[in-house]
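So the structure is just underneath, and the comments pick up after that.
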Amino acid sequence: MAIYAVGDVQGCYAELARLLEDMRFDAAADRLWLVGDLVNRGPESLAVLQLVKSLGDSAITVLGNHDLHLLAVAEGVGELHRSDTLDEILNAPDRDELLHWLRHQRMLYAQDGYVLVHAGLLPQWSVAQAESLAREVEAALRGDDCGAFLARMYGNSPGWDDSLSGYKRLRVIVNAFTRMRICTKEGEMEFKFKGEVQNIPADYLPWFDIPNRASRDATVIFGHWSALGLKIEPRIIALDTGCLWGGPMSAIRLDDRQLFQVACHNPVAKHW
């Protein structure tokens, strides 16, 4: 059995299908790990959801900010943006089935020394604590009042405190897992920055470069930061290579770290 981790898809179905073919992915024997943002801005988000859902237990996906945005819009607590390409999902005959499936996906997945998350982990969170915090958000997403949670899940109050409770606590967890790129040594997050590492504002670092972060003994697999690009280090695997914006779609086989990439078929304009 091989495990393949794949970067942000964002509705780029043709590239994902070609990547699976190039990897000779066998759903009966292999496993596919996806870093989230399955949908939005690309041309075929519906087909992506249908494909990944059809893989059943062979695919593990964590939720990204665009996936959560889709759920919020579907619940009537989020507004469509001009650049969104979610109408096909929202109007699909299997809409409810797909959204139910998406709502029951993970925020974080850990196995055999690897951690799969969309954006990152706050430096003070151990893997065990991050797993526990992910379960809190997952419970809110799967609960009867998920709409109330989705309406409150985002905000730019960036600080974490173990004593936080309610929606304030869930908001910081979601922001870290799905939006964070940089933070201070104390774990204060900044969300406006989307650019390249050399342009990071003073007093901030990439979250994975914070000294002595509590999750440093695990290998974290993530996406979200297309300007960062491909980054493969002993304890870091960054896989968002900006397929949506004209870069390749990237995957890595964890057993031997062989890289697989396919070219973008139909890029949209860059966003940074």
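Read-outs throughout are calculated quantities, based only on the coordinates presented, and are distinct from any laboratory measurement. Here the structure is a predicted model, which means the values were calculated and not measured. Here Cβ is always computed from backbone atoms with ideal geometry, including for glycine, and neighbour counts include all displayed protein chains.
Need one number: % antiparallel among DSSP beta bridges in region 114-272, to the nearest 5.
Given both bridge residues lie in region 114-272, the antiparallel proportion sits at roughly 65 percent.
Considering only C-alpha atoms, what is the centroid distance from region 141-187 to region 12-86, in Å?
Region 141-187 and region 12-86 have Cα centres spaced 22 Å from each other.
Once you have a ≥ b ≥ c as the square roots of the Cα gyration tensor eigenvalues for region 126-180, tell me rounded if a/c is under 1.5, and otherwise prolate or oblate according to whether a/b is larger than b/c.
oblate
With r defined as the distance between the Cβ atoms of residue 90 and residue 185 and R0 fixed at 30 Å, what FRET efficiency is calculated, to the nearest 0.05?
Using R0 = 30 Å, I get an efficiency of 0.10.
Identify the GluC sites (Glu not before Pro) of region 21-100 meeting these criteria: DSSP loop state and at most 16 other C-beta atoms within 10 Å of the C-beta.
75, 79
For residue 1 and residue 97, what does the FRET efficiency come to when R0 = 45 Å and r is the distance between their Cβ atoms, rounded to the nearest 0.05?
0.95
Can you give the % of DSSP beta bridges in the chain that are antiparallel, to the nearest 5?
60
What's the Cα-based Rg to Rh of region 17-110, Rh via Kirkwood?
Across region 17-110, the Cα-based Rg/Rh ratio is 0.97.
Which pairs, out of 168/192; 53/194; 53/231, put more than 26 Å between their alpha-carbon atoms?
Going by Cα-Cα distance, 53/194; 53/231 fall outside the 26 Å limit.
Using 0.36 nm times the number of residues separating residue 132 and residue 265, minus their current alpha carbon distance, what extension gain do you get?
44.0 nm
For residue 256 and residue 144, calculate 0.36 nm times their separation in residues minus their Cα-Cα distance, and state this gained length in nm to one decimal.
Extra length from residue 256 to residue 144 when fully extended: 36.1 nm.
Give, in nm to one decimal, the length gained when the segment between residue 28 and residue 192 is fully stretched (0.36 nm per residue of separation minus the Cα-Cα distance).
Here the segment from residue 28 to residue 192 would lengthen by 54.9 nm.
When the distances between all Cα atoms of region 124-272 are binned every 5 Å from zero, what whole-number percent does each bin get?
Calculated P(r), rounded to whole percents: 2, 8, 16, 18, 19, 16, 13, 6, 1, 0.
Trypsin sites (Lys or Arg not before Pro) within region 47-132: which are DSSP loop residues with at most 15 other Cβ atoms inside 10 Å?
Here the sparse-neighbourhood loop sites are 82.
In whole angstrom, and with the biggest value first, how far do the Cα coordinates of the chain range along each principal axis?
44, 42, 36
Taking a cut-off of 13 Å between Cα atoms, list the aspartates and glutamates near residue 185, but don't count ones fewer than 8 places away on the same chain.
203, 209
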